[in-house]
1. GluC sites (Glu not before Pro), restricted to segment 21-68: which are DSSP loop and have at most 11 other Cβ atoms within 10 Å?
2. Report the Rg/Rh value for segment 268-344, based on alpha-carbon coordinates and the Kirkwood definition of Rh.
3. Based on the mean of other Cβ atoms within 10 Å per residue, sort peptides 273-280, 199-206 so the most packed one is first.
4. Just from the alpha-carbon atoms, what are the Rg and Dmax of the chain in angstroms?
5. Would you mind working out the magnitude of the charge dipole of the chain relative to its Cα centre, with +1 at each Lys and Arg C-beta and -1 at each Asp and Glu C-beta, to the nearest 20 Debye?
6. Summing +1 for each Lys or Arg and -1 for each Asp or Glu, what net charge is found among the other residues whose Cβ lies under 12 Å from the Cβ of residue 194?
7. Where only protein heavy atoms count, and the probe is 1.4 Å, what is the accessible area per residue for segment 1-160 in Å²?
8. Can you give me the Kirkwood hydrodynamic radius for segment 1-159, using every pair of distinct Cα atoms, in Å to one decimal?
Amino acid sequence: MKAAMWAYPWDLLDEGVNTVADQLGAMGVTEINLATNYHSVQTFLPHNPERRTFFAHASSYFHPGEDYDDVAPIPNETMGDNDWLEQIVEQIQDTHLSLNSWTVGCHNSRLGMKRPDLTLESPYGDPLVFGLCPSNPAVQAYLRNLVADLDSRAPFERIELETFDYFYGTGFGWHHEKYHTRLGALGEFLFGLCFCDHCRSNAADAGIDVASARETCRTTIDAIADGNFDSERSVKEWLADHPMVADYIDVRTSTLTSVFRLLESAVTDAELGYYVGFFGVERSWMHGADLDALADFVDYYTVVAYESSRDTAVEQYQTATDLAGGASIHAGVLPGHPAVHDEETNSEIVRGLADAGAPRLSFYNYGLLPERNLTWIANALEPYSR
């Protein structure tokens, strides 16, 4: 079983790429999933020698090439003339580590604020600026060009995709969102269902009465907010009673499948992976992702099994296997707060996923975990590192 570690560029550069490589090698980790294009973040860094926190706008950690159309990633302003990806690629070649690109796609509040015409649009017409809409041709071109740019600039073994979809099945994704209305999974999902020009046009072309579907979503959200409709109603049960909205959702699922066909065409040598399981693998359809269909265009899925017990982690893994259309299933583990608080639980999760057949585990996240938790990883991997 292979082992990888997610990491931010500032942690590798602050601590030293060779120093990090030596530590990971001693732990049994052979791959780095390096953040290359990422959403806005504040990190707490318990063992970083230079700082204890780092703030970053949604940005790329490289200077983009020229082969973009209307939309391009915005490089992180703290890099200056430096190119963090270029620096790390140069230094990591002399280590045992292979390098993967951990790439965030549509979750980009910086681009969304700059270009609200590219974003998801709620049934009420609100631009949801935390998420770009994959139905928009300009966004599709951006995602393809981003992947192609990364594939051309570094010898990545893998390019791993996060939020190359319709976000997480919710209309809330800002970092300090506030709402005191119990919308439940149904209300949140409907509020995040995109009705931008492109989503509406695609649905209309499929013969759907878009105006009626939109009004149905609005009236249901308002009824939930007013306490006149059950906020705990199952999303799937509600859709069974509202087939027009269900058909609308099916159109965007087909659209996302076509987007992944574009992404596959942009990659020449690297394997292509897609992260699934944020808030449950069974909710992937709420992101617009048909895992069976997308399996034709990716080499594997990484199920985000940030769970607190062996049983729940293995359950997520098995659910992904059932839905994945034959694609290989890797797994991600969070061996720290808020998921795991003791070494034995972490070891049990690793053993459980290994026994379930996971060919590769990724651990989240080198710079965010205390040294103690890194030791937990090393001890859990020891039986698989011989």
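1. 50, 66
2. On the way: Rg = 13.0 Å, Rh = 12.9 Å.
That ratio equals 1.01.
3. 273-280, 199-206
4. Gyration radius and largest Cα-Cα distance of the chain: 20.8, 63 Å.
5. On the way: 24 positive and 58 negative charges, 101 e Å.
Once rounded to the nearest 20, the dipole reads 480 debye.
6. -1
7. Value for segment 1-160: 37 Å² per residue.
8. It works out to 16.6 Å.
The values are calculated or read from the model by the stated rules, or taken from the named source; none is laboratory data. Because the structure is a prediction, the values reported are computed rather than measured. In this analysis, Cβ positions are derived from the backbone assuming ideal geometry, glycine residues included, and neighbour counts consider all displayed protein chains. Side chains included, ligands, DNA and RNA excluded: accessible areas come from the protein's heavy atoms. Shrake-Rupley method; radii C 1.70, N 1.55, O 1.52, S 1.80 Å.
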